[in-house]
Amino acid sequence: MVNPADRSGWLANEHPQEECGVLGIYAPREDVARMAFFGLYALQHRGQEAAGIAVADGREIRMHKDSGLVSQVFSPARISALTGDFAIGHVRYSTAGSSSLRNAQPYLIDTQYGQIAVAHNGNLVNASQLRSSMLRNGVGFSSSSDSEVLTMMLAGASGGDWFERIRQTMQHWQGAYSLVILTRDQLFAVRDPWGIRPLTVGMLPNGGHAVASESGALRTLGCQAIREVKPGEIIMLTDTALRVAQAIPPASETALCTFEHIYFSRPDSFWDGQSVHQVRQRLGEQLAREAAVPADVVIPVPDSSIPAAIGYARQSGIPYNDGFIKNRYIGRTFIEPTDSLRKMGVTLKYNVINENILNQRVVVIDDSIVRGNTTRPLVKLLQDAGAREVHLRITCPPIRHPCFMGVDMGTYEELAAHRHSLEEIRRFSGADSLAYLSLEGMMNAIGRSNGYCNACFTGQYPFPVDAHVAKTGFEKPEGEPA
């Protein structure tokens with residue numbers, strides 16, 4: 001366990017860090033860049049390190065990307081300069097490669113077939129081998145991201161058209177990839193055969209289509225007839241029609257990310273055909289069945305745990321109330337706090353409604369404990385506010401293994417449940433009791449017995465992975481020329 005005040009970063013997030021969000025739009029005679037801006041806004045929770053939009057007008061691709069939030073990266077002037085009928089966009093949290101600007105997406109390169117821009121959500125587990133092979137063959141790279149490996153492989157692929165080049169190249173990729181790919185007059189949506197990361201497609205009200213990491217972003221754009229892109233499927237959006245093909249066979253057993261239900265997706269999104277909000281309520285209900293405790297009030301750690309806390313309260317009969325107030329604007333800032341503010345840690349992000357906590361036995365619902373950095377300060381906030389007892393309840397099993405498919409959960413050495421027993425975590429947190437939802441209970445709440453990736457809980461990955469590959473594995477050693 002690490003004291004938050006001892007970490008070099010500030011407000012170290014206890015939860016798994018967001019993956020990335022991708023978006024693609026074909027909307028003839030519409031302001032697609034402006035539409036992409038608002039679509040990315042709806043995906044901002046999936047990545048706050050960088051944002052980018054590329055637009056094609058049938059002749060060329062124009063792009064702008066930078067570090068920061070969507071609202072920081074794009075001004076009205078920037079949006080006005082991006083004209084065309086096709087657009088792709090990306091919001092980034094670094095899962096492979098550092099958070100430097102050179103790893104921001106989309107990637108845009110010139111190829112023998114014309115320009116191509118690519119935005120990627122996920123992580124290839126064989127990216128290191130693919131990259132090494134390409135380096136030996138003289139291919140140069142400008143970034144440390146596996147997403148550039150995807151892009152360069154597409155640029156060098158053979159085939160009569162982009163559809164065939166994408167299909168052929170997919171057969172060499174192992175891991176998680178939901179892609180939007182832009183050429184000067186086409187847009188493609190691609191999903192890996194395991195279906196690990198989400199990708200949905202919908203029809204725009206004034207003609208055209210859009211694809212996005214979450215259905216909530218498509219509804220922001222007014223889309224109808226929304227469905228998920230199937231594992232192993234390519235969907236092509238052109239100026240003539242929507243072309244759909246099963247590019248490679250889906251895996252014999254899919255590996256959908258369970259954490260989309262637990263934490264990542266917006267509650268108004270659908271994942272695996274189910275309402276995320278309703279699944280989270282069922283997670284809370286199941287947790288109340290498995291880990292009941294006498295208490296006076298149930299409170300969530302905002303925001304993703306709110307539906308689960310509602311479910312726990314409903315099942316247990318214990319009243320639900322707000323306990324923490326979250327400052328939603330503190331998440332990503334480029335202004336460092338003073339030393340004294342940094343030492344205050346989570347109090348910059350959360351405040352307690354003392355009147356709802358004083359002299360109460362409190363059940364706190366949270367979606368996960370990963371590194372254990374903020375759990376103890378949160379418990380202390382409640383105790384300082386006068387809580388008589390604090391009982392932690394977590395809506396997933398203990399996270400004991402890292403993710404190699406596009407989620408930053410840390411290394412084995414960083415994971416609290418890998419290094420400590422449940423009782424050790426409870427003692428460190430200062431809580432009166434601690435309980436996790438069982439694996440069986442979690443899957444019962446989701447309503448599935450298989451087809452999901454639970455490797456972070458079980459260590460059983462859907463394919464072989466190299467546990468020694470860090471997310472910055474392509475970074476140059478210090479002092480080595482880029």
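The values are calculated or read from the model by the stated rules, or taken from the named source; none is laboratory data. Given the structure is predicted, the values throughout are model-derived calculations rather than measurements. Heads up, the Cβs are rebuilt from the backbone with ideal geometry, glycines too, and the neighbour counts pull from every protein chain shown.
Looking only at region 380-402, residues that are of a type in the set (S, T, N, Q) and within 14 Å of Ala431 (Cα to Cα) come to 1 in all.
Given the condition crowded, with 19+ Cβ neighbours inside 10 Å and free of Cβ contacts under 8 Å to residues at least 24 places away in the same chain, answer yes or no: does some residue in region 148-167 qualify? Yes - at least one qualifying residue is present in region 148-167.
Within region 1-43, the residues that satisfy the criterion of being part of a helix (DSSP H, G or I), surrounded by fewer than 24 Cβ atoms within 10 Å (Cβ to Cβ) and at pLDDT 95 or above are Ala33, Arg34, Met35, Phe37, Phe38, Tyr41.
Looking only at residues in region 397-432 that are at pLDDT 95 or above and touching a strand residue (DSSP E or B) at 6+ places or on another chain (Cβ under 7 Å), the one that is farthest from Glu260 (Cα to Cα) is Asp432. In region 330-352, is there at least one residue being modelled with pLDDT of 95 or more and buried (at least 18 other Cβ atoms within 10 Å of the Cβ)? Yes. Comparison of Leu135, Leu150 shows that the only residue that is of a type outside the set (Ser, Thr, Tyr), in a helix (DSSP H, G or I) and either within 19 Å of Tyr177 (Cβ to Cβ) or in contact with a Gly (Cβ under 8 Å, 6 or more places away or on another chain) (or both) is Leu150.
Could you tell me whether any residue of region 165-181 is touching a strand residue (DSSP E or B) at 6+ places or on another chain (Cβ under 8 Å), in a loop (DSSP other than H, G, I, E, B) and of a type in the set (Lys, Arg)? No: zero hits.
Counting only helices (runs of 4 or more DSSP H) that sit wholly inside region 404-456, not one has at least 2 residues that are crowded, with 16+ Cβ neighbours inside 10 Å and of a type in the set (Val, Ile, Thr). Pairing residues of region 439-459 that are closer than 18 Å to Ser252 by Cβ with residues that are assigned to a loop (DSSP other than H, G, I, E, B) and polar (S, T, N, Q), at Cβ distances under 6 Å and at least 6 apart in sequence or on separate chains, gives Gly451/Thr254; Tyr452/Thr258; Asn454/Thr258. One residue stands out among those in region 221-275 that are among the charged types (D, E, K, R) and crowded, with 16+ Cβ neighbours inside 10 Å: the one that is farthest from Pro462 (Cα to Cα), which is Arg266.
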